[in-house]
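The values are calculated or read from the model by the stated rules, or taken from the named source; none is laboratory data. All figures in this text were calculated on a predicted structure; none of them were measured in a lab. Neighbour counts are summed over all protein chains in view; Cβ atoms, including those assigned to glycine, are modelled from backbone coordinates with ideal geometry. These accessible areas exclude ligands, DNA and RNA; they are computed on the full protein's heavy atoms, side chains included. Shrake-Rupley method; radii C 1.70, N 1.55, O 1.52, S 1.80 Å.
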Amino acid sequence: MNTENRNFPARPPPPPFSSSPFASAPPPGVVPPQSGGPEAVGFRPPARPFTPSGPPMAPPAGVMRPAGQPPLVSQLPGSRPPPPSFPSTAYGPPGGGGGSFQRFPTPPPSGVPPPPQTLAGHLSPPMSFRPQQPMASVTMGPPPPSMTSGIPGGFASPSGPGFQQSMPGGPQPSYPGYPSNQVLQGPPKPFQTPSQGPPSAVSSYPPQTGGFAQHPGQQNMHPSYAPPPTSNVQGLVEDFNSLSLSNIPGSLEPGLDHTSFPRPLDGDVEPSSFAEAYPMNCHSRYLRLTTNAIPNSQSLASRWHLPLGAVVCPLAEAPEGEEVPLIDFGSSGIIRCRRCRTYVNPYVTFTDSGRKWRCNICSMLNDVPGEYFSHLDATGRRMDLDQRLELTKGSVEIIAPTEYMVRPPMPPIYFFLIDVSFSATKSGMLEVATQTIKSCLDNLPGYPRTQIGFITYDSTLHFYNMKSSLSQPQMMVVSDLDDIFVPLPDDLLVNLSESRNVVEAFLDSLPLMFQNNVNVESAFGPALKAAYMVMNQLGGKLLIFQNSLPSLGVGRLKLRGDDPRVYGTDKEYTLRVAEDTFYKQMAADCTKFQIGINVYAFSDKYTDIASLGTLAKYTGGQVYYYPGFQSSIHGDKLRHELARDLTRETAWESVMRIRCGKGIRFSSYHGNFMLRSTDLLALPAVDCDKAYAMQLTLEETLLTTQTVYFQVALLYTASCGERRIRVHTAVAPVVTDLGEMYRQADTGSIVSVYSRLAIEKTLSSKLDDARNVIQQKIVKALREYRNLNAVQHRLGSRLIYPESLKFLPLYGLAIGKSTPLQGGPADASLDERCAAGFTMMALPVKKLLKLLYPSLFRVDEWLLKPLADLDDLKDVVRRLPLAAESLDSRGLYIYDDGFRLVLWFGRMLSPDIAKNLLGADFAAELSRVTLQEQENGMSKKLMRLIKKVRENDPSYHPMCFLVRQGEQPREGFLLLRHLIEDQMGGSTSYVDWVLQLHRQIQQNA
């Protein structure tokens, strides 16, 4: 340095392996102050030598390393550190600048107290420094167990010169060369020796070890927790989380504590700070960006490595009281930008005394219609702002005038295409379906305009005339499958309110008409063409109930099955795509005429869901799969899911477009829809259970705006007959810092995009390739993040990740273990894989995350509480890690992934509990037992709990399975294979997965 304050000689530099540059080792017999803080993390050099909220702050010592001194490396427990060296030469920061840096001259002789230190130009209270006692000798061997508490991975701080002892509950060690993660509380306290006794009673300084006092709020926190930065010290602390992944000395075993690994036990946690910063944005249930910070350049976007895009659920269900407001612009007409067609929203600005408004997306200046005019106040806000919800709410629903209609709004139409072959009647599917349809007739949307129709089929087609003038329906049979024609085309679709009696008589008689049917053939293709011919004038929703492989006429399919020899080859993916182009062509035709298709598949044999599901995929529908359907077992599930499908509010004849600001565009879309043009999604029928993912691309090399706006517009026909436009608007800042993109990342949205990309990858590649793609994307993202922080921090053997992405590695593992991507042919049937893939492509974020990392919670202790009530449901549903070690053989557990509930009875569970819940069957094999409410309080409490869990998410009805510990293969199939943190069937455990990611990250870091 060129300057030196010779009146204030500084302390000598710390030893090379000091756990904290400001900390001195405690003398023998002195216990450090009790403090259970988190793992210490390092500081970056301060931007200025003091903070306004505290006393002068000394810079981190030991930052510079003398030439020839060995670099700082992580010290392993049980090894002896090298002796400290004290160079006689003083070192300063590079460049020789002055400022707050200090020279480090030779330490004063022992016994001579140095004068007090201050930063140049600042006053400091007088202090006294006493000589330090020599350190105790170092013992070899592993540390005692008590020394490893509170540190990720179970590592203890090595003892010896220059190391701060890690006592139980005491200050946690930091990584070499870094000060502890502490907030400056006050001036340093005089160092004490054992002979000094306690500090003076008049001292106002908090007790501490090292240069900074520990913030009381940092005690007893999760080892990987990184506290939020406070005041101006935030530039110094590490703003990332980390896991230490070193090996135990002399062993290849990782010395880490897997219980400290991050797990989403609280479900989907959305970034809240962003919503608070932009309160006029639409709610995240409608639109979620993968990161709430948009890169300002293509080069910055290329370093992001994670998907840049959004997940949209335009009709998501809003809680009571938060419904989307309905807007009618009346005679002024809908206010839109003349150039980019953006709808008026909270982010437009009004100028020229309220006579013009500027579009927030394209900056076009538009005229304000006279009927919409309002004066502006002194701040430029409209005087009528409080009455204009479209200018204050991020989500609105606008009533569209006639110019938004190609034709008059169609009535809600439900058309049923039902398999009545032998297997359909024998399984009870036909009876359950007809009873459910009948029970829902009063609740179908759109009364009294709703229309309904039916076709049944086996080896022939059966049409039904249900004209209101008839007392009984007329059945017409068409056996010519090659030349399909529709008899009485005008009487096959009838108004439900007018023909209600005929429809109910038909539904009552249909199971009886075919109860003795022994026909096993399925003319599904011709039946589908016939339904299309009936519906193509009006459109509507087509519900298909298919019980066997299509075997006759056009669209017949052959038994492809699960050929193990194909897996692992380049032809593997062909099993997962439609075999016959007939189905994709039919889906395209149906979309063109506003026909949405939902497929209900029931067979216990191969039915080629890959082909049948194509109908739902390209018409905006979904696939419901009930393998081996039996009405006694699966009846309730079918009743609830079919009833929800029929009665939930549906948007008909829909198209959706998402607009964004200048310089960016949406380049790819993922989900169940048909892309009509480059950015227009055709959705014949949309509901609250459908979500769509899309990816962004920067068109310009450099964005010049400070913010980017997004607007989702869904034009649809409501069941009441109104044409409406649902508009969701949001804004996100443009940033130049990659670190800010990571801090604003949304794991839920990223995982939703990744899962869709992985499922699409299985349709053109091997399963291994799809899994590897996800792994490589995560590795690249975390490697880039590591490189971003490696300059300022010494990372050693730590895996670092931002707080916002702490669950990403686990969700990446879960995607690879999900039904569409897991293992090989023995892990899931081909139909099961494809059905799960079609389902996951349409799931909203929260539902998908629950499917990937389900809930596991213990209930036997709660059931034994005498006055337990469901008001404390959150206390009951205390989620546990998905690992076998979470299961106690004395307990009763519930596994819930949103589609299935598994009750796991431990082998040593109290017989009294099992008897109360199962009655006389408590000792029988649980595969033959159905859970029913018993006449006792414990059973009633459990049934109320299951009902409450189901009501929390009514989109699907989870079936309840019972399994006892040790019942194989049932236990493995229902539960153990879904404990994704364990290693099962050749799959990777969570610990191995993290180590694998870490190794790959370090290869090119």
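In percent, rounded to a whole number, the relative contact order of region 854-979 is 27, using alpha-carbon pairs under 8 Å and six or more apart. Sorting the segments 688-695, 298-305 by their residues' average number of neighbouring beta-carbon atoms within 10 angstrom, most packed first, yields 688-695, 298-305. Each Lys and Arg Cβ is given +1 and each Asp and Glu Cβ -1; about its Cα centre, region 333-389 then shows a dipole of about 320 debye.
Return the subset of K777/K947; K467/K529; K558/K766; K584/K761; K662/K766; K529/K558 for which the Cα-Cα distance in this structure is over 29 Å, preserving the input order. Before the final figure, lay out the partial values.
On the way: K777/K947 40 Å; K467/K529 22 Å; K558/K766 22 Å; K584/K761 18 Å; K662/K766 38 Å; K529/K558 19 Å.
Where the Cα-Cα span goes over 29 Å, the pairs concerned are K777/K947; K662/K766.
The charge dipole of region 854-979, taken about the Cα centre with unit charges on the Cβ atoms of Lys, Arg (+1) and Asp, Glu (-1), comes to about 120 debye, rounded to the nearest 20. With a cut-off of 13 Å between beta carbons, the residues surrounding L542 carry a summed charge of 0, where Lys and Arg count +1 and Asp and Glu -1.
Computed from the C-beta positions of E699 and L385 and an R0 of 30 Å, the FRET efficiency is 0.35 to the nearest 0.05. Residues T569, T460, T436, ordered by accessible area of protein heavy atoms at a 1.4 angstrom probe radius and largest first, appear as T569, T460, T436.
In region 300-331, which residues have a backbone nitrogen under 19 Å from the label point lying 7 Å from C720's Cα in the Cα-to-Cβ direction? Within reach of a label on C720: 315-331. Each part gets one Cα centre, and for region 508-578 versus region 369-448 those centres are 30 Å apart. Using only Cα coordinates, the Kirkwood hydrodynamic radius of region 413-648 works out to 18.0 Å.
The residues neighbouring G812, those whose beta-carbon lies less than 11 Å from its own, together hold a net charge of +3 under the Lys/Arg +1, Asp/Glu -1 convention.
With +1 assigned to the C-beta of every Lys and Arg and -1 to the C-beta of every Asp and Glu, and no other charges, what is the dipole magnitude of region 413-648 about the Cα centre in debye, to the nearest 20? If you can, show how the numbers build up before the last one.
On the way: 21 positive and 25 negative charges, 106 e Å.
Rounded to the nearest 20 debye, it is 520 debye.
What is region 822-969 by shape, rounded, prolate or oblate, if you read a ≥ b ≥ c off the alpha carbon gyration tensor as root eigenvalues and call it rounded for a/c under 1.5, prolate for a/b larger than b/c, and oblate otherwise? Show your work: numbers first, answer last.
On the way: a/c = 1.87, a/b = 1.41, b/c = 1.33.
Here region 822-969 falls in the prolate category.
Averaged over residues, the count of other Cβ atoms within 10 Å places the peptides 274-283, 711-720, 620-629, 319-328 in the sequence 620-629, 711-720, 274-283, 319-328, highest first. Under the simplified labelling scheme, the L326-L488 pair shows an inter-label distance of 3.7 nm, with each label point 7 Å from Cα along Cα→Cβ.
Taking the inverse of the mean 1/r over every pair of distinct Cα atoms in region 333-389 gives a Kirkwood hydrodynamic radius of 11.4 Å.
Near S522, within a Cβ-to-Cβ distance under 9 Å, what is the net charge of the other residues, with Lys and Arg +1 and Asp and Glu -1? Neighbour charge sum, excluding S522 itself: -2. Is region 884-936 rounded, prolate or oblate when judged by the Cα gyration tensor, a ≥ b ≥ c being the square roots of its eigenvalues, rounded requiring a/c under 1.5 and prolate requiring a/b larger than b/c? Oblate, since a/c reaches 1.5 and b/c is not below a/b. Projecting label points 7 angstrom from Cα along Cα→Cβ for Q932 and K467 puts them 4.8 nm apart.
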